[in-house]
Structure formats: structure tokens, C-alpha cells
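Any read-out appearing in this document is the output of simple, stated calculations on the displayed coordinates, not a laboratory observation. Predicted model, so just to flag it, every value in this text is computed and none were measured. FYI the Cβ positions are ideal-geometry reconstructions off the backbone, even for glycines, and counts take in every protein chain you see.
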């Protein structure tokens with residue numbers, strides 16, 4: 001272990017000890033359930049707002065052991081919250097919202113009739129867990145598929161759903177007299193459902209009908225602005241109650257805000273100076289704007305506070321790990337950990353981060369061959385002359401390309417192990433990266449990408465993509481030993497076995 005790795009290890013271990021000593025006391029909720037009239041195959045509970053690294057993502061949904069149509073589980077919680085119970089029977093899937101609070105002991109008697117879930121609840125907390133006539137998600141497909149470009153029409157449709165939900169909830173409250181925490185959470189649920197649904201449809205309109213959307217763009221934006229003013233993205237009550245509609249809104253809103261801010265600037269230089277001026281002062285011309293991790297961090301710091309700020313950081317960490325987006329991640333994580341040593345997310349992420357950071361210390365090997373004088377190579381034909389002689393797998397990729405990084409992470413080592421000691425080599429052409437040589441080389445060492453490497457000019461990228469009929473990234477092709485090209489039978493997501501079989505056929 002290098003001194004740098006050892007330093008990271010001790011740093012994260014120290015923070016874990018501090019954080020573990022400050023975790024709030026938790027309380028158990030006990031749930032016993034029985035399905036009366038069908039065979040129960042599967043049961044689980046999904047929680048909102050629980051963030052885990054990609055390799056632990058399953059923890060956000062607890063699988064409940066099922067035996068003889070019965071299930072039982074004990075859950076630790078620290079605040080009253082909404083959770084979703086999922087059941088799979090021989091005739092389909094069903095869901096039921098639950099409201100969980102400390103020391104609840106729930107007995108659920110469930111039946112399926114006419115494809116509907118019926119529920120009888122007894123025990124402590126029963127009045128908070130009667131059968132609800134609404135679900136946490138609306139069926140928006142009919143509205144989405146109409147492709148209506150008039151925002152007022154969409155808003156009126158969603159208001160109808162809002163009114164229906166509000167009547168159902170208020171009637172439920174009047175009938176069963178649930179707890180105050182239940183009332184607060186479910187009123188927030190139907191309120192934020194309106195905002196969440198409008199934001200979702202607004203984004204689909206931008207994608208599917210961009211030209212007609214543009215005609216009413218300001219009106220779309222104004223309605224969304226008014227909704228977010230009335231139901232803001234910083235709402236501690238909705239956050240603590242784990243309101244599903246609220247979490248689905250804030251889970252996606254950060255990306256929408258990022259794109260919106262970026263699109264407001266017609267001058268790229270002005271954007272860089274206003275958002276990255278501090279880094280430019282420190283690093284000068286060597287600084288390259290990071291439109292992902294660092295930009296998201298800046299938005300989080302400006303817009304969010306309290307528990308919601310920490311949650312957004314956790315999403316940033318999770319997504320960066322999932323997409324293997326290493327740019328600035330180590331500095332961001334260490335700064336966050338130093339600033340918020342009591343964050344409950346540090347014990348969750350420290351092991352994954354330690355493993356991730358250890359890979360950034362990897363070195364180049366002789367098998368990583370950088371093509372020299374790349375500024376003289378403008379055509380695919382020129383490039384092929386430098387590498388031909390073996391069967392070569394061409395990978396058109398970029399450090400900025402999440403799908404590219406995902407394919408390299410999942411498939412590269414396995415493909416190379418399969419063709420070990422066979423006349424197969426690899427050519428990685430990095431695209432749209434001419435000003436990112438440092439990040440490009442860091443990514444190559446991180447993934448241990450053995451093979452030929454070139455940082456392509458715009459002309460070279462265009463020529464290769466035309467020849468291999470590439471329409472996006474990643475794009476794959478195979479170069480035969482004589483320099484001729486065979487188009488790949490797989491693109492993203494890579495069907496690894498298909499590609500391996502295709503190369504094997506060429507080796508015969």
C-alpha cells in the first residue's frame with residue numbers, strides 16, 4: 001500500500017469512527033403479514049431517501065423472507081416515514097403504501113380480489129396503515145402520449161389528479177383519524193405529486209416535440225416556476241417524512257437545474273468564469289471545467305441546506321461511482337468529509353470511496369501504447385497503417401461518455417482475458433478530448449486499458465465514424481490484419497458474447 005493509499009485509508013477510517021459515534025438512536029418497526037387467497041411468491045419494502053453505493057444499491061429495497069404465504073420483518077427507523085410494500089403473487093404484482101413510525105407493530109391481513117389488494121390492519125399503528133385508495137405514482141402515459149404542447153392543458157389535467165388525490169386523502173383522514181405525522185406526510189405527497197408530474201412531462205416535451213415546445217417555452221417555464229415557488233425543493237418536513245413524490249422530484253431536479261443553468265449561457269467563457277472563477281485563479285490555464293461532479297457540487301452548495309444538502313451530496317457520490325466519473329471526485333469527497341465529519345453518509349460510502357480512490361494510483365504499463373505525432377494523423381487509413389497486423393478491436397470512446405466508461409468497466413478485462421495469447425489487440429480512440437490530455441491519461445491508467453491509444457482530432461473522429469457508420473458513443477468495429485474493416489455486430493450496451501464470437505470467427 002502506497003503512502004497516499006495509506007493516508008486515504010486512515011483518513012476515512014477516522015471519519016467513520018466520528019460519524020458512528022453520532023448516529024441518532026433508532027427504533028424498530030415490526031411487520032407481520034399474511035396473504036389469504038393466493039400464493040405469495042415475493043415480498044419487499046422500498047424506502048425513499050436511502051442512498052447506497054452502486055454495489056450496495058439493493059439495500060434501498062428490503063427483501064422480506066416468505067414462508068407459507070406469511071412474511072415478517074423488523075426494520076430500524078429514526079423518523080416517521082412512508083414506505084412501499086411490494087408483493088408478487090401467482091397472478092401479478094401489487095403494492096401498498098405503509099406509514100411507519102417508531103415502535104409500530106403491524107399485523108397485515110391481505111387478500112387479492114378482482115385484481116385489487118384488500119387490507120385489514122391490526123396492532124400498534126393500525127390507523128396509519130389502512131387501505132389507501134391512491135398510489136404514490138400516477139399513470140402518466142395517456143397524458144404523455146398525447147404530445148400536447150400547450151402547458152395550460154397539461155396543468156389542468158394534472159390538477160384533476162391532484163384534486164382526486166386530495167379528496168381521497170382528506171376522506172381517509174376523516175374516516176380513520178390517523179396520526180398528525182401521517183396527515184402531514186400524505187398531504188405533502190399529493191401536493192408534491194403535482195409538481196413532480198409537471199416536471200416529468202415538461203422534460204418529455206423538450207425531448208419529443210422540441211419545435212412546438214419552443215413556441216410555448218416561456219409558458220412552460222412560468223408554470224413550473226410557480227409550482228416550485230409554492231412547493232419548494234427545500235422542504236425539511238417532506239424530506240423527513242420520506243414523501244415519495246418529493247424524493248422523486250429532488251432526485252431528478254438537480255440534473256434539470258444543471259442543464260437549465262448551462263443553457264442560459266450563450267457565451268461559454270462567461271459560464272466558465274462565473275461558475276469556475278475560483279478554480280481558474282488557483283490553477284490558471286491548466287484548469288479544465290468539470291461540467292459534472294464539480295458543477296453539481298457548486299449547485300448543491302448554492303441551493304440546498306441541512307439534511308437535503310447531505311442527501312444531494314450522497315446522490316452525487318453514488319452517481320459518480322455508478323458512472324465511474326472520477327473527475328474531481330476525490331477532492332470533493334475529502335472536502336465534504338472534512339466539512340461534515342458527522343454526516344451519516346460517510347460510513348455508508350467510505351469503503352467504496354477507498355476502493356475507488358486506490359485505483360487512481362495505478363500506473364501505466366508497457367502494454368498501454370500511446371500513438372505519437374497524433375497531430376499528423378487525420379484519417380482512419382493513416383491510423384490503420386500504424387496498428388495493423390493483428391485482429392484489432394476498435395473502441396470509439398471518451399472520458400466524458402458514461403456508457404463508454406460503463407462498457408470498459410464491465411467488459412474490457414473479460415474480453416482481454418478471453419483472447420490472452422491470441423493475435424488480438426485493442427485500439428482506443430478518444431473523441432472530443434483534445435483539451436483533456438491529463439484526464440484522458442488518468443482514465444487509461446484507472447481502467448488499465450492495455451492497447452493502442454490516440455487522442456483524436458475532430459477530422460479523425462469524423463472520418464472514422466463515417467467509415468464504421470457510427471452514430472454515437474461508444475462505437476465498436478474490428479480491423480482485420482490486412483487493415484480492412486468489419487462492422488461490429490454489437491453497439492451499446494455491448495453484447496459481450498456476440499462480440500467475442502465475431503472476433504473468434506475472424507481468427508479462424
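Taking 37 °C and 0.692 mPa s as conditions, region 211-265 diffuses translationally at an estimated 258 µm²/s according to Stokes-Einstein applied to its Kirkwood radius (Cα pairs).
Given points 7 Å out from each Cα along the Cα-Cβ axis, report the residue 115 to residue 414 separation in nanometres with one decimal. Using points 7 Å along Cα→Cβ, the separation is 3.7 nm.
A simple spin-label model places the labels of residue 376 and residue 322 4.6 nm from each other, with each point 7 Å out along Cα-to-Cβ.
Compute the normalised compactness of region 335-412: alpha-carbon radius of gyration over 2.2 N^0.38 Å, N being the residue count. Against the empirical 2.2 N^0.38 Å value, I get 1.68 for region 335-412.
If you stretched the chain out fully between residue 364 and residue 159, how much longer would it get, using 0.36 nm times the residue separation minus the C-alpha to C-alpha distance?
Details: separation 205, 0.36 × 205 = 73.80 nm, distance 5.84 nm.
Stretched out fully, the residue 364 to residue 159 stretch lengthens by 68.0 nm.
For the chain, averaging the sequence separation of C-alpha pairs within contact (under 8 Å, six or more residues apart) and dividing by the residue count gives a relative contact order of 13 percent.
Helical content of the chain, expressed as a calculated mean residue ellipticity at 222 nm, amounts to -15500 deg cm²/dmol (DSSP H runs of 4 or more residues, -39,500 (n - 2.57) each, divided by residue number, nearest 500).
Centre-to-centre separation between the Cα atoms of region 86-113 and those of region 466-498: 48 Å. Among 77-86, 484-493, the peptide with the highest mean count of other Cβ atoms within 10 Å heads the list, and the full ranking is 77-86, 484-493. With r as the distance between the Cβ atoms of residue 61 and residue 421 and R0 = 35 Å, compute the FRET efficiency 1/(1 + (r/R0)^6) and round to 0.05. Efficiency computed from Cβ-Cβ geometry: 0.20. Once the Cα atoms are used to define both axes, helix 180-208 deviates from the longest principal axis of the chain by about 40 degrees. The mean of 1/r over all pairs of different alpha-carbon atoms in region 268-359, once inverted, gives a Kirkwood hydrodynamic radius of 14.0 Å.
Full extension of the segment from residue 351 to residue 437, taken as 0.36 nm per residue of separation minus the current Cα-Cα distance, would add 28.0 nm.
With one equal scatterer per alpha carbon and no solvent term, the Debye-computed log10 I(q)/I(0) for region 141-264 at 0.12, 0.14, 0.22 1/Å reads -0.49, -0.65, -1.32.
Quick check: Cα centre of region 310-364 to Cα centre of region 175-204, how many Å? Cα centroid to Cα centroid, the span is 32 Å.
May I ask you to sort 74, 409, 291 by Cβ crowding, counting other Cβ atoms within 10 Å and putting the fewest first? Don't skip to the end; give the middle numbers.
On the way: 74 10, 409 13, 291 17.
Placing the least packed residue first, the sequence is 74, 409, 291.
The C-alpha atoms of region 200-312 occupy a region whose extents along the principal axes are 43, 39, 20 Å, arranged from largest to smallest. Shape summary of region 403-508, radius of gyration then Dmax from alpha carbon positions: 13.7, 41 Å.
Rounded, prolate or oblate for region 27-128? Axes are the square roots of the Cα gyration tensor eigenvalues, ordered a ≥ b ≥ c, and the cut-off for rounded is a/c under 1.5.
In terms of gyration-tensor shape, oblate.
For the chain, the normalised intensity computed at q = 0.13 Å⁻¹ comes to -1.35 (log10 of I(q)/I(0), Debye sum over alpha carbons, equal scatterers, no solvent).
If one puts a single equal scatterer on every Cα of region 343-460 and applies the Debye formula without solvent, what log₁₀ I(q)/I(0) results at q = 0.17, 0.18, 0.20 Å⁻¹? The computed values of log10 I(q)/I(0) come out as -0.90, -1.00, -1.19.
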